[in-house]
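First the structure, in the form of structure tokens, and then the observations on it.
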Amino acid sequence: MRFDLNDYTVPHPHVRRMLSVRADLSQVRIFDGAQMIASHRRSYDRGQEIEDRRHLKDLVDIEREARQHRGLNSLTRAVPVCQTLMIRAAERGANIGALTTALLRLLDRYGATELQAAVEDALRAGSVHAATVRAALERRRLERGEPPPVETSLPKHVRRKDTTVRPHRLDSYDQLAPSGDNDDEH
């Protein structure tokens, strides 16, 4: 929240909301309605960021949890059986974040079809570990006589070039040609 040419932190649920400021010579208090949500020592400098470590820690925790859910969602969308694996892993107290990260790497390296089959093999074996899934992937690869997959690490600007482009209707181009032209003659 900006007050008197300085920025003061507020708890993340209150960002982009209409808040009230009550300031005196030594303190800046920020309110959401009648509830005081933050209190900072007043700064008379310009362009300073006055931070409450608790606000920043809460935000970091929320972002970490959101990153984990983004990865988990993209994993279960690509390989639906991973949802069953994650549920069983959570029931056994496994680290879901580490498992998600490992499975996302395997997805990038081997593809969705192979990962789906390997996770099914691991579940049949009663295992919820990434090492079991990796072993199943390697076993399947060796059975097919394929070389090991090569991990590619491309820069962001190259990965952005692979974004999906949605096609659009082409009839709007018909309006560009002069009306006397006949496409059959060309």
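The values are calculated or read from the model by the stated rules, or taken from the named source; none is laboratory data. Given the structure is predicted, the values throughout are model-derived calculations rather than measurements. When we count neighbours, we look across all protein chains shown, and the Cβ atoms used for this are built from the backbone with ideal geometry, even at glycine. All accessible areas refer to the heavy atoms of the entire protein, side chains included, with ligands and DNA or RNA removed. Shrake-Rupley method; radii C 1.70, N 1.55, O 1.52, S 1.80 Å.
In the chain, the calculated helix contribution to ellipticity at 222 nm averages -14500 deg cm²/dmol per residue, counting -39,500 (n - 2.57) for every DSSP H run with n ≥ 4.
3J(HN,Hα) along segment 110-115: 10, x, 5, 4, 5, 5 Hz, from the Karplus curve 6.51 cos²θ - 1.76 cosθ + 1.60 with θ = phi - 60°, whole Hz, x for Gly and Pro.
Each residue of segment 21-27 was assigned a 3J(HN,Hα) from its phi angle through the Karplus curve 6.51 cos²θ - 1.76 cosθ + 1.60 (θ = phi - 60°); the sequence is 10, 10, 10, 10, 5, 10, 9 Hz, with glycine and proline shown as x. Take Asp7: with every protein chain present and a 1.4 Å probe, its accessible area is about 50 Å². Between Glu91 and Ser153, residue separation times 0.36 nm minus the direct Cα-Cα distance comes to 18.9 nm. Ranking Gln27, Val128, Val79 by Cα position along the charge dipole of the chain, where only Lys, Arg, Asp and Glu carry charges on their C-beta atoms, puts Gln27 farthest toward the positive end. Helix 53-78 and the long axis of the chain differ in direction by around 20°, with both axes built from C-alpha atoms.
Can you give the Rg/Rh ratio of segment 10-65, where Rg is from the C-alpha atoms and Rh is the Kirkwood radius?
Checking Rg against Rh, the ratio lands at 0.99.
Amide H contacts of Ile37: Ile30, Phe31, Asp32, each under 5 Å away and 5 or more positions distant or on a separate chain (H built 1.01 Å from N in the peptide plane; Pro and chain starts excluded). For the chain, the longest principal axis of the alpha carbon atoms and the long axis of helix 82-91 meet at an angle near 50°. Amide H contacts for Tyr8 (H built 1.01 Å from N in the peptide plane; partners 5 or more residues away or on another chain; cut-off under 5 Å): Arg2, Phe3, Ile50. About the centre of its Cα atoms, the chain shows a dipole size close to 1120 debye [charges on the beta carbon of Lys, Arg (+1) and Asp, Glu (-1) only; nearest 20 debye]. For Leu56 and Asp7 in the same chain, what is the full-extension length gain: residue separation times 0.36 nm, less their Cα-Cα distance, in nm? 16.3 nm is the gain from fully extending Leu56 to Asp7.
Which of rounded, prolate, oblate describes the chain, given a ≥ b ≥ c as roots of the alpha-carbon gyration tensor eigenvalues and a/c under 1.5 marking rounded, otherwise prolate only if a/b is larger than b/c? Note, shape of the chain comes out oblate.
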